[in-house]
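Some notes on the structure that comes next.
The values are calculated or read from the model by the stated rules, or taken from the named source; none is laboratory data. If you're wondering where the values come from, they're calculated on a predicted model, not measured in any experiment. Counting neighbours? That spans all protein chains shown, and the Cβs are built from the backbone with ideal geometry, glycine included.
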Amino acid sequence: MYLNRFVNGEGKYVDDIKFDNMLYMSIVRSPYAHAKIKKVKGGLNSSELKAYYAGMDHAMREPVLAIDEVSYVGQCVAAVFSENRYESEDLLNSVEVDYEPLDAVSSIDDALKKPAIHDGMKDNILDTEDVGNKFNEKDIDYDIKVSDTLFMDRISANPIETRGIIADYKDNVLHIYASSQSIHRLKGGIMKTLNLKDDEIVVHHVDTGGAFGLKALIFPEYIIAAYASMKYKKPVKWIETRSEHLQAAHAGRGIKADITLYARKDGKINGLDGTVYLDTGAYFTDDDLVDLGNAMHEVTGPYFIENAHLTGKYVLTNKALNGYYRGAGKPEASRIMERMIDLLADKLKMDIADIRIKNATEKPFKSPLGFDINYPTKPLLEAALKHFDYYNLSKKEKLGISLFILDEDTAPGESCRITVKDGKVKVYFGGDVSGQGHELFVQEMLSEEFNIDKDLISLDYDDTDTLKDGTGTWGSRSAITHGSVLMKTAEIIKNDVIKKFGKYDKDLLLDNEFNEYYYYKIDYNANSVNFNMVSCDVNDMNSIKIYTYYDLGKILNLKNVLGSIHGGGLQALGETLSETLRYDEDGQLITNNIADAGLLTADKIPQYNIKIVENNSEFPDKAKGIGESTMIGIPSALARSIELQTGKRVTKFPIDDLSLFNKCME
Amino acid sequence: MYPDKFEYFAPDNIEGLEELLDKYKDDSKILAGGHSLIPLLKLRLTSIPYIIDISNIKALSFVDYNNALEIGPMVRTGEVASNKIIGDKCKLLADAASKIADPQVRNMGTVGGDICEADPRNDLPAVMLALNAEFEVTNSMGKRTVKAEDFFKDAYTTALESNDILTRIVIKNTENYYGKYYKYTTLSSDFAVFAIAINMSLNDNKTVKDIGIGLTNLNSTAVKPVEVENYLKNKKIDDRVAGEAFNLLLKSCDIEDDVNGTEKNKEKILKNIFINGLKEIYEVL
């Protein structure tokens with residue numbers, strides 16, 4: 001079938017692309033978490049390329065190549081180039097760098113205690129912001145107050161295909177071939193940093209082997225490669241090694257929260273207050289705002305809490321920068337709430353489902369933290385509990401549950417082009433696919449819409465020239481944004497047929513040529529209500545059972561849905577049990593390979609009991625999102641199932657307890 | 001992989017190998033299955049000018065039984081796990097080999113490579129200690145025999161000199177023995193957090209006739225807790241005896257807090273595994 005080319009090794013990823021006279025780039029990286037650079041000699045360094053690459057002109061943004069100082073292990077200091085990749089690795093030794101090591105800050109707690117890591121700052125707090133309505137506890141109706149600190153440690157995205165780029169400057173145009181979730185965003189970032197005009201750069205999308213949010217970002221290595229190609233007038237390729245990825249790729253999570261809930265004896269929560277900290281790493285990036293923004297605004301989730309206020313703190317550490325990771329603040333927000341509501345239930349000796357019912361809603365609402373919930377949350381919760389027979393099953397099994405809102409990043413919409421030529425239909429999206437299998441729903445939807453065979457339809461790749469505008473693939477948006485723009489564009493093509501021939505039939509379509517581009521605008525973020533339940537026996541890894549009750553609106557393609565749940569479920573187990581990046585006191589990475597970084601392999605895929613409900617959305621294709629749901633719903637429910645058996649409350653992710661799930665091999 | 005430059009040789013007989021080792025000495029290294037050496041080269045943690053691949057030397061790949069089990073060092077780990085003679089004569093070795101990594105690694109990794117690399121996390125050194133194995137070591141001057149307990153010196157350090165070749169593994173403690181390899185891992189890695197190899201035989205009166213124990217990743221190299229072995233000989237195994245044996249066992253261990261967990265947590269798990277393991281093997285016999 002169509003996707004078999006990936007399985008058969010016929011995918012064409014960045015590293016499969018080769019040009020004549022191509023240079024390979026290798027990067028001299030900082031071995032220190034924090035040091036002054038006394039001298040750097042050799043390679044391409046900041047004495048020649050002095051630039052900053054963040055989208056916003058923030059004072060603490062990262063230089064493309066270190067200037068006078070390094071602030072994390074793996075920071076780019078210089079670049080070397082050779083037509084032979086082995087030789088470019090050998091050339092790393094030709095660059096001389098004298099460092100004077102400085103004290104390093106390797107955690108949020110450390111950062112709050114120690115002196116500022118950057119000159120010109122009084123401490124390590126980059127910024128502070130408040131959301132919600134500040135309230136005085138005397139003014140609210142409560143009988144009980146519970147407080148706790150929750151921590152979600154950093155995780156590296158670790159797609160199977162690491163980061164990579166080819167920059168090819170020819171005829172005064174910079175061509176970029178990149179593994180990316182959004183070539184349009186990448187184009188904007190490179191243009192801004194290197195001061196290029198719109199017609200001086202074209203970014204081409206190529207096969208992308210996983211992204212998980214990371215590949216929506218721009219990286220210093222990409223700017224260096226682009227600059228070098230313009231300088232040497234040759235194609236320049238950079239492919240990240242796994243070691244570089246673990247060390248230097250922007251990492252997700254890294255959220256700590258001190259939270260207090262105020263509730264009445266009957267379980268009704270009337271107040272939430274606290275502080276949420278984001279480990280930004282060594283420099284500011286635009287994605288910090290999204291991650292901490294989501295992690296704060298979405299905390300109260302599906303529950304109506306009249307008084308809610310949070311203070312957010314962006315905390316600098318001597319570590320690689322913060323970035324997006326599947327959910328980007330949404331899983332953190334939900335986990336904060338779900339772990340706190342379980343604690344409150346325990347204090348009040350209430351059932352964890354009853355307390356959720358008490359706080360769920362009959363109507364859509366806007367939370368005091370500024371989160372618009374489009375649907376009532378109680379009906380879905382009650383339906384899910386009933387469907388899985390929660391109240392009976394919870395007498396026999398140690399169940400954790402999680403009710404959550406999936407906030408789908410639908411704004412500002414998406415673009416699509418459909419072409420019909422030589423009896424074939426080709427589809428191009430402005431938001432680039434990164435290995436999730438969009439091909440499947442494209443074929444399913446268009447074969448129905450056009451009444452033609454699936455194998456006449458293919459999803460092809462665009463570049464920023466052929467598709468002038470586009471957004472990206474992230475935030476559980478594709479089912480809605482890509483599905484809807486696909487339907488809209490297909491309608492336009494059908495109308496073209498009707499306009500030309502007075503009627504539509506498939507032969508009139510396939511025997512002629514059509515080419516239509518459309519941008520479907522959406523000016524708000526949609527959302528949906530979802531539920532997870534988890535049971536397990538802490539002595540047996542194979543016992544983990546994940547119950548999902550997701551409202552997906554209309555299912556566009558069932559394989560896509562199941563693939564997202566199966567893979568995402570495993571990723572969620574990793575995040576809960578083992579997956580993280582760990583640093584020592586000096587800011588050196590300890591988890592230097594994917595086994596130590598706790599990635600789980602396919603043999604750990606749990607059992608699933610999947611129920612999908614289809615309450616159609618308001619969008620043209622009637623779909624709702626799914627991409628981030630597993631990461632939001634599963635970890636807190638699994639943590640609950642575990643703590644019921646160990647008697648030790650879970651506040652830290654990953655739980656990372658060697659004695660859990662008896663790992664003595666049989 | 002992008003290692004430093006090296007020169008590659010693949011002799012097809014032992015004499016050719018001896019010649020190369022004599023010529024390049026410390027600048028050379030034998031490549032068997034490559035599952036330790038290649039990652040080190042790839043990450044440029046080591047640089048070796050002359051790599052000598054021994055996979056073409058057929059004389060290093062055999063399994064025989066003549067009053068003792070004899071195994072060539074180039075037998076692949078997967079073969080060790082599934083070979084019928086090994087399975088019949090030495091349950092411990094077959095069990096341990098089946099617990100190394102995954103099928104792809106077992107298809108390439110070799111019994112000799114696992115032993116000679118002496119990574120403290122490798123599984124077979126402890127198994128060789130528990131089995132009281134003997135190693136035939138060959139160089140251009142001749143052959144000698146080294147006992148397993150004299151072989152493992154420190155992390156990545158053995159009794160082999162730069163021109164020595166492990167040519168035969170001899171295991172005599174096979175008839176009437178039963179053994180098992182208790183390996184504890186993390187969820188994400190096949191390497192042992194720690195492991196215990198136990199090989200045991202009983203007298204007619206149900207007391208322990210002989211026992212061999214080897215410990216993986218509980219010290220800087222694989223260790224043989226001789227004091228524990230001696231303590232258990234001629235005793236019946238019950239909770240008290242097993243508990244006392246564990247207290248002695250701890251003397252051979254150097255457990256530290258690390259990325260896998262705290263010393264306390266590891267010690268607790270180790271105790272359970274050791275005591276249950278001793279009892280399980282005793283009951284099978």
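Return a yes/no flag: does the stretch A:572-583 have any residue that is away from chain B (no Cβ under 14 Å), under 23 Å from A:H387 (Cβ atoms) and within 24 Å of the chain's Cα centre (by Cα). Spell out the reasoning first.
Taking the stretch A:572-583 and keeping what is away from chain B (no Cβ under 14 Å), we get none.
Looking through the stretch A:572-583, none of the residues is away from chain B (no Cβ under 14 Å), under 23 Å from A:H387 (Cβ atoms) and within 24 Å of the chain's Cα centre (by Cα).
Filtering the stretch A:447-483 down to residues that are of a type in the set (V, I, T) and assigned to a loop (DSSP other than H, G, I, E, B), which residue is nearest to A:K187 (Cα to Cα)? Steps first, answer last, please.
Filtering the stretch A:447-483 down to residues of a type in the set (V, I, T) leaves A:452, A:457, A:464, A:466, A:471, A:473, A:480-481.
Subset that is assigned to a loop (DSSP other than H, G, I, E, B): A:452, A:464, A:466, A:471, A:473.
Working: A:I452: 36, A:T464: 8, A:T466: 14, A:T471: 12, A:T473: 15 Å.
Filtering the stretch A:447-483 for residues that are of a type in the set (V, I, T) and assigned to a loop (DSSP other than H, G, I, E, B), the one nearest to A:K187 (Cα to Cα) comes out as A:T464.
With A:E408, A:E382, A:E448 as the choices, which residue is surrounded by fewer than 23 Cβ atoms within 10 Å (Cβ to Cβ) and touching a helix residue (DSSP H, G or I) at 6+ places or on another chain (Cβ under 9 Å)? Spell out the reasoning first.
Values: A:E408 fails: surrounded by fewer than 23 Cβ atoms within 10 Å (Cβ to Cβ); A:E448 fails: touching a helix residue (DSSP H, G or I) at 6+ places or on another chain (Cβ under 9 Å).
On inspection, the qualifying residue turns out to be A:E382.
Just a yes or no: is a residue in the stretch B:66-74 out of contact with any Asp or Glu (no Cβ under 7 Å at 6 or more places or on another chain), more than 14 Å from every other protein chain (Cβ to nearest Cβ) and at pLDDT below 95?
Step one: list which residues in the stretch B:66-74 are out of contact with any Asp or Glu (no Cβ under 7 Å at 6 or more places or on another chain), which gives B:66-69, B:71-74.
If we keep only those that are more than 14 Å from every other protein chain (Cβ to nearest Cβ) as well, we get B:66-69, B:71-74.
If we keep only those that are at pLDDT below 95 as well, we get B:66-67.
Yes: the stretch B:66-74 contains one or more residues that are out of contact with any Asp or Glu (no Cβ under 7 Å at 6 or more places or on another chain), more than 14 Å from every other protein chain (Cβ to nearest Cβ) and at pLDDT below 95.
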Looking at B:S47, is it of a type in the set (S, T, Y), within 24 Å of the chain's Cα centre (by Cα) and not assigned by TED's automatic domain parsing to the domain that holds B:L160?
no
Take the stretch A:584-634 and flag every residue that is assigned to a strand (DSSP E or B) and either surrounded by 22 or more Cβ atoms within 10 Å (Cβ to Cβ) or within 14 Å of chain B (Cβ to nearest Cβ) (or both).
A:L589, A:A623
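Scanning for something within 19 Å of the chain's Cα centre (by Cα), part of a loop (DSSP other than H, G, I, E, B), touching a residue at least 12 places away in the same chain (Cβ under 8 Å) and buried (at least 21 other Cβ atoms within 10 Å of the Cβ), does the stretch B:178-187 turn up at least one residue?
Of the stretch B:178-187, the ones within 19 Å of the chain's Cα centre (by Cα) are B:178-185.
Then keep just the ones that are part of a loop (DSSP other than H, G, I, E, B); that gives B:185.
From what's left, touching a residue at least 12 places away in the same chain (Cβ under 8 Å): none.
No, the stretch B:178-187 has no match at all.
With respect to B:S61, is the statement that it is among the small types (G, A, S) and surrounded by fewer than 20 Cβ atoms within 10 Å (Cβ to Cβ) true? Even if it seems obvious, please write down each step before you answer.
Details: among the small types (G, A, S): yes; surrounded by fewer than 20 Cβ atoms within 10 Å (Cβ to Cβ): yes.
Yes.
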Subset of the stretch A:554-571 [among the polar types (S, T, N, Q) and either within 8 Å of chain B (Cβ to nearest Cβ) or under 16 Å from the mean Cα position of the chain (by Cα) (or both)]:
A:S564, A:Q571
Please specify each residue of the stretch B:229-243 satisfying the condition of being among the hydrophobic types (A, V, I, L, M, F, W, C), part of a helix (DSSP H, G or I) and out of contact with any strand residue (DSSP E or B) (no Cβ under 6 Å at 6 or more places or on another chain).
B:V241, B:A242
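Taking the stretch B:20-37 as the region of interest, how many residues are more than 14 Å from chain A (Cβ to nearest Cβ) and either among the hydroxyl-bearing types (S, T, Y) or surrounded by fewer than 16 Cβ atoms within 10 Å (Cβ to Cβ) (or both)? Working first, answer last.
Pass one, the stretch B:20-37, residues more than 14 Å from chain A (Cβ to nearest Cβ): B:20-34, B:37.
Next cut, either among the hydroxyl-bearing types (S, T, Y) or surrounded by fewer than 16 Cβ atoms within 10 Å (Cβ to Cβ) (or both) only: B:22-28.
Residues meeting the conditions: 7.
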Quick one: what pairs do we get from the stretch A:298-320, first residue in the same structural domain as A:F371 (by TED's automatic domain parsing) and free of Cβ contacts under 8 Å to residues at least 60 places away in the same chain, second assigned to a loop (DSSP other than H, G, I, E, B) and not basic (K, R), C-beta under 8 Å, 6+ apart or different chains?
none
Checking B:F246 against (1) within 14 Å of chain A (Cβ to nearest Cβ); (2) assigned to a helix (DSSP H, G or I); (3) aromatic (F, W, Y), the condition it does not meet:
(1)
Taking the stretch B:197-245 and keeping only residues that are closer than 16 Å to B:N132 by Cβ, surrounded by fewer than 20 Cβ atoms within 10 Å (Cβ to Cβ) and either aliphatic (A, V, I, L, M) or touching a residue at least 24 places away in the same chain (Cβ under 8 Å) (or both), one is left with B:S201, B:K209, B:D210, B:V226, B:E227, B:K233
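From the set of residues in the stretch B:173-196 that are hydroxyl-bearing (S, T, Y) and closer than 14 Å to B:L129 by Cα, which is farthest from the other protein chains (Cβ to nearest Cβ)? Before the answer, list the steps.
Step one: filter the stretch B:173-196 for residues hydroxyl-bearing (S, T, Y), giving B:174, B:177-178, B:181-182, B:184-186, B:188-189.
Within this subset, residues satisfying the condition of being closer than 14 Å to B:L129 by Cα are B:174, B:181.
Numbers: B:T174: 23, B:Y181: 8 Å.
In this case the residue turns out to be B:T174.
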Which pairs turn up if I take residues in the stretch A:185-214 that are among the charged types (D, E, K, R) and look for partners that are surrounded by 20 or more Cβ atoms within 10 Å (Cβ to Cβ) with beta carbon separation below 7 Å, at least 6 apart in sequence or on another chain?
A:R185/A:A216; A:R185/A:G472; A:K187/A:I201; A:K187/A:V203; A:K187/A:T464; A:E200/A:L174
Condition broken by A:V425, with the remaining ones in (1) in the same structural domain as A:S641 (by TED's automatic domain parsing); (2) outside any helix (DSSP H, G or I) satisfied:
(1)
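This table checks each residue for (1) surrounded by fewer than 15 Cβ atoms within 10 Å (Cβ to Cβ); (2) within 14 Å of chain A (Cβ to nearest Cβ); (3) among the acidic types (D, E); (4) within 12 Å of the chain's Cα centre (by Cα).
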site: B:I100; (1), (2), (3), (4): no, yes, no, yes
site: B:R106; (1), (2), (3), (4): no, yes, no, no
site: B:R121; (1), (2), (3), (4): no, yes, no, yes
site: B:M128; (1), (2), (3), (4): no, no, no, yes
site: B:L131; (1), (2), (3), (4): no, no, no, yes
site: B:K153; (1), (2), (3), (4): yes, no, no, no
site: B:S162; (1), (2), (3), (4): yes, no, no, no
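Here is a check on your reading of the model: is B:I255 in a helix (DSSP H, G or I), surrounded by fewer than 22 Cβ atoms within 10 Å (Cβ to Cβ), touching a strand residue (DSSP E or B) at 6+ places or on another chain (Cβ under 9 Å) and not charged (D, E, K, R)? Spell out the reasoning first.
On the way: in a helix (DSSP H, G or I): no; surrounded by fewer than 22 Cβ atoms within 10 Å (Cβ to Cβ): yes; touching a strand residue (DSSP E or B) at 6+ places or on another chain (Cβ under 9 Å): yes; not charged (D, E, K, R): yes.
The answer is no for B:I255.
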